[in-house]
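For reference, the structure is listed below as structure tokens.
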Amino acid sequence: MKKVLLLFILVGNVAFAQKLTKDQLSDKLAEKACECTEKQELTKENFELTIGICLIEGINAYEKDVEKHYGKNVISNDKKMEELATNIGARMGLKCPAVFKFMLDEESGDNEEVVDAEELTISGKISEIKSEQFITFIVKEDSGKTNQFILLSSFDNAFLLTDKVLKASDAVDVIYYEMELFDAKLGKFVSYKIVTDIIKK
């Protein structure tokens, strides 16, 4: 009887595993990849290799579902693999922000000169600050135009936001650059203003 019950449970799990929607599959693969990468010591040298291995580990664990939504031999299909990796990467940003921050640090390090060249500045008053997955805030210029910013990395004056020193109506200068990040809710890349410094007047 126990063997029959065990067989039923195993068959049930396999059947369930093959009924994941594409979004559910992406979530599961992202969770798997996060668990895998968080066990590793990520460095600049091993980052891409580690991410690749962790993605393949997840693909093998959900092989039937991956095959259903992306076709057979997805690993050897560059186009399908890129689509899959993009979907997983977007969700990893929400499920393991430490790994996501590492990705951003790598990208900003590789493009440091470009980022410096494209830094912009605006002045205005804080109208709203939100502390969720990341700290975001809105600055209203004298002209009435509003700008939303996101805090992703550390800098000297970051404590003004992290320690809740800034309040609504405080006048500030904001130094920032723009970066496209994948918005999982909208299902597309969106341009975000990333703050690199903020000065309270």
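The values are calculated or read from the model by the stated rules, or taken from the named source; none is laboratory data. Because the structure is predicted, anything quoted here is derived from the model rather than measured. FYI the Cβ positions are ideal-geometry reconstructions off the backbone, even for glycines, and counts take in every protein chain you see. Note: accessible area is taken over every heavy atom of the protein model, side chains too, but ligands, DNA and RNA are not part of it. Shrake-Rupley method; radii C 1.70, N 1.55, O 1.52, S 1.80 Å.
Things to note:
- Residue selected from segment 168-192 under the condition farther than 14 Å from LYS140 by Cα and of a type in the set (D, E, K, R), by the criterion modelled with the highest pLDDT: GLU178
- Pairing residues of segment 131-149 that are open to solvent by 60 Å² or more (accessible area, probe 1.4 Å) with residues that are charged (D, E, K, R), at Cβ distances under 6 Å and at least 6 apart in sequence or on separate chains, gives LYS140/LYS125; THR146/LYS140.
- Single residue of ASN77, ASN73, ASN46 found to be more than 21 Å from the chain's Cα centre (by Cα), surrounded by 12 or more Cβ atoms within 10 Å (Cβ to Cβ) and at pLDDT below 85: ASN77
- Residue list for segment 158-201, restricted to those being surrounded by 12 or more Cβ atoms within 10 Å (Cβ to Cβ), of a type in the set (Gly, Ala, Ser) and over 21 Å from SER123 (Cβ atoms): ALA184
- Any hit, segment 2-15, residues being open to solvent by less than 50 Å² (accessible area, probe 1.4 Å), of a type in the set (A, V, I, L, M) and either under 29 Å from LEU186 (Cα atoms) or at pLDDT 80 or above (or both): no
- Boolean, PHE155 is free of Cβ contacts under 8 Å to residues at least 24 places away in the same chain, closer than 11 Å to ILE198 by Cβ and open to solvent by 20 Å² or more (accessible area, probe 1.4 Å): no
- A Cβ distance below 6 Å, combined with a sequence gap of six or more or placement on separate chains, defines the contacts here; from segment 51-69, residues that are more than 19 Å from GLN40 (Cα to Cα) reach residues that are among the hydrophobic types (A, V, I, L, M, F, W, C) and not in a helix (DSSP H, G or I) in the pairs ASP65/LEU20.
- Of the listed requirements (1) modelled with pLDDT of 90 or more; (2) surrounded by 14 or more Cβ atoms within 10 Å (Cβ to Cβ), VAL115 misses just one: (1).
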